[in-house]
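Taking it in order: structure first as structure tokens, then the write-up.
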Amino acid sequence: MSKTIIPFGPQHPVLPEPVHLKLTLEDEVITEAIPAFGFVHRGLEKLAEIRDFHQMIYVVERICGICSMIHAMCYCQGIEELMGIEVPPRARFLRVIWSELHRIHSHLLWLGLFADSFGFESLFMQCWKIREKILDIDEATTGNRIIISVCVIGGMRKDISPEHVNWILSELKDVEREIKRLETTIMTDYTVMKRTVGKGVLTGKQAYELGLVGPTLRASGIAQDMRMLGYAAFNEINFEPVVETDGDCYARCKVRFRETLQSIDLIRQAIAKLPEGELAVKAKGRPEGEVISRVEQPRGEVFYYIKANGKKNLERLRVRTPTFANVPALLAMLPGMWLSDVPVIVLSIDPCISCTER
Amino acid sequence: MIEHVVSISLENVVGETAKMKVEGYRFVTLSCVEIDETTVDILYHFDKDFQLKHLRLTAPKDSPVPSISPVYFAAFLVENEIQDLFGIRFQGLAIDYDRTLYLEEEVKKTPFCKYVVIKTKPPL
Amino acid sequence: MFNKILTRARTMSPWVLHFDCGSCNGCDIEVLACLTPVYDVERFGMINVGNPMHADVFLVTGTVNHRNKKVLRNLYDQIPDPKVVVAIGACGLTGGIFREAYNVVGGVDKIIPVDVYVPGCPAKPEAIIDGVVLGLEKLKK
């Protein structure tokens, strides 16, 4: 059988972001997939040498626009640990609320794009319609729809007023009702099942050895969620990781769908327990030493390595984003699959290329 | 602060990582920091049940580092990244992008190093 | 006569091509948000197409770097005349917060001619729609 090499991307209707895959095909079946990157590489880690450690918050927020607040939270937690700052309880709960709002909007975005990848356009529109409500909450509480810039070293910059709290709760009720309305479609629809069940299967052992993170790992039956570490206020609210065991695209879809509903529950818990008090403590001095900070993003574990030497600028800032860890999964999943399944499988890891390349 | 750091040397990089794999650790990532003109620090991070463990390798810039991608396949990506950004060469990479993972020919320099000598591809 | 019909058709239903060339995703998802129910520009005849040869309006988000400038140029050359280029977001305009990074060339206008600049970090869907409508003035001529 002769071999064909097909380039997939960087400009592809299914991918909102530029990534290139070199697919080697035998007939219609993929034998090898080699990813190529570099279309979004900017070199943000290097900016730590120009900007001081407070300004870097705004740079790390723009590593990825979808989970920007969680990047900032992870960075601030690292610096706070280095400087020995205790974050006030109210700020910790607010971090949970905003990070979970980001998780809901990211998962809805993904569910929509995933539906679009197998041509289910009305489901795509429905998911994005629900998502707008979450963005409205972000806009009303912080002033911006996506990059909300609320984290500072030592706490938060913005507060949620009591009137907003009631409004958020009623909006969340709507969101929950509408997501549940999609449940039958996503979970049992013939089209969805046909295109996702049994595609791109990874066993738990494979997934663990490849070092995968987040929903991709949890769909293979391994309960690994950084929220179990209890950062921010996750140690004070009830939290159970969502796990599925099949390890295929359908299981990943189910994990993300159930996490969306779980996040709504987490926000309700956090709002119920939201303590009074100050928003931030003043950060005095400069960070010194090495630290590792990990939090759970919608796509998985994000890992910050910060090395500071007591100067205004950090010596080294290293970011390992979830998609960077999930790319090896593509190389393991794609061989043996049909060409027509490539978009579904590529999207099933929820690729965020601007995260990967920074 | 970083705890559980084990220092390793160029000779036992692969051996130590293979040991970690047998013990059931998940590969997290590598971090590279420039120390001075001639050396860099490479930290290998592993995770097991939310406990991180690190291997610290202080490597000279001019000799290639043995790749751990035969042990942990996922490491090929980050090793290629370090090749791009620091100019360190890894020997025995599963997939070698030859310093073009992120950077184009015209900017094929080492942005994260202040002082550097770019080396050619090591023999396999 | 024929030209008149063409111009009218073009301005009534411009087809857009979106290319992310190194943005943080913020502007990209806002571009996509324009197409979805709340803003829904499809009701005005705008369609997001994947093929540059079908497009009239080229939406570019994000900074240009050394690798994607060739892709950007290539896409631009494939779009048939007359075409409108809309640069979106602070990064697309000047490089924004990333302008000092080593792999960043600068704004989109360093590589291809830009007709409309839409500021914002990220630009709001309203601003993006406004930018496209402004760009259509060029097609009218």
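What follows draws every value from the coordinates through simple rules; no lab data is involved. Here the structure is a predicted model, which means the values were calculated and not measured. So basically every Cβ, Gly included, is an ideal-geometry build from the backbone, and we count neighbours across all protein chains shown.
Which whole number in µm²/s is D for the protein assembly as shown by Stokes-Einstein, with the Kirkwood Rh taken over Cα pairs at 4 °C and 1.567 mPa s?
52 µm²/s
Would you mind working out the magnitude of the charge dipole of the protein assembly as shown relative to its Cα centre, with +1 at each Lys and Arg C-beta and -1 at each Asp and Glu C-beta, to the nearest 20 Debye? Mind showing how you got there, number by number?
On the way: 73 positive and 79 negative charges, 156 e Å.
The dipole of the protein assembly as shown has a size of about 740 debye.
Exposure proxy check: C:Cys34, C:Cys21 ranked by fewest other beta carbons within 10 Å?
Details: C:Cys34 24, C:Cys21 28.
The most exposed by this proxy come first: C:Cys34, C:Cys21.
Which whole-Hz ³J(HN,Hα) couplings does the range C:104-120 yield from phi under the Karplus relation 6.51 cos²θ - 1.76 cosθ + 1.60, θ = phi - 60°, glycine and proline marked x?
Whole-Hz 3J(HN,Hα) from phi for the range C:104-120: 9, 7, x, x, 5, 5, 6, 10, 10, x, 10, 9, 10, 10, 10, x, x.
Compute the long axis of helix A:162-188 from its Cα atoms, compare it with the longest principal axis of the Cα atoms of chain A, and write down the angle in degrees, 0 to 90, nearest 10.
10 degrees
For the range B:5-107, what is the largest minus smallest coordinate of the Cα atoms on each principal axis, given in angstrom and ordered from greatest to least?
44, 27, 23
So which trypsin sites (Lys or Arg not before Pro) in the range A:257-290 end up in coil per DSSP with only 12 or fewer other C-beta atoms within 10 Å?
Answer in residue order: A:Lys282, A:Lys284.
Output the Cα-based Rg and Dmax of the range A:42-350 in Å, rounding Rg to one decimal and Dmax to a whole number.
19.4, 60
Please work out how many pairs of lysine residues in the range C:15-140 are eight or more positions apart (or on different chains) and have Cα atoms closer than 22 angstrom.
Taking the Cα cut-off of 22 Å, the pair count is 8.
Let me check I've understood the local charge: for A:Leu317, count other residues with C-beta under 11 angstrom from its C-beta, Lys and Arg +1, Asp and Glu -1. What total comes out?
With Lys, Arg at +1 and Asp, Glu at -1, the neighbours total +3.
Once the principal axes of the Cα atoms of the range C:15-140 are found, what is the range along each, listed largest first in whole angstroms?
42, 29, 23
Using only the alpha-carbon atoms, how far is helix C:125-140 inclined from the longest principal axis of chain C? Give it as 0 to 90 degrees, nearest 10.
So the helix axis and the longest Cα principal axis differ by about 60 degrees.
Taking only Cα atoms and a 10 Å spring cutoff, compute GNM fluctuations for chain A and point out the largest among A:Glu171, A:Glu296, A:Glu276.
A:Glu276
What residues have an amide H closer than 5 Å to that of C:Val64, excluding those fewer than 5 places away on the same chain, when H is modeled at 1.01 Å from N in the peptide plane?
HN-HN under 5 Å from C:Val64: C:Val105, C:Gly106.
In the neighborhood of C:Ile112, defined by Cβ-to-Cβ distances under 12 Å, what is the net charge if each Lys or Arg adds +1 and each Asp or Glu adds -1?
Charge balance in the 12 Å sphere: +2.
Using a 10 Å cut-off around each Cβ, can you sort C:Ile5, A:Ile237, A:Ile50 from fewest to most neighbouring Cβ atoms?
So the residues, fewest neighbours to most, are C:Ile5, A:Ile50, A:Ile237.
About the Cα centre of the range A:161-257, what is the dipole size in debye to 20, counting +1 per Lys and Arg Cβ and -1 per Asp and Glu Cβ, all else neutral?
With only Lys, Arg, Asp and Glu charged at Cβ, the dipole is about 440 debye.
Which ordering of B:Ser67, A:Ser122 is given by a fewest-first count of other beta-carbon atoms within 10 Å?
So the residues, fewest neighbours to most, are A:Ser122, B:Ser67.
Just to confirm the filter: which GluC sites (Glu not before Pro) across the range C:41-141 are DSSP coil and have at most 16 other Cβ within 10 angstrom of their Cβ?
Sparse-neighbourhood loop GluC sites (Glu not before Pro): C:Glu100.
So for the range A:42-350, averaging the separation of alpha carbon pairs under 8 Å that are six or more residues apart and normalising by length, what relative contact order in percent results?
Computed value for the range A:42-350: 27 percent relative contact order.
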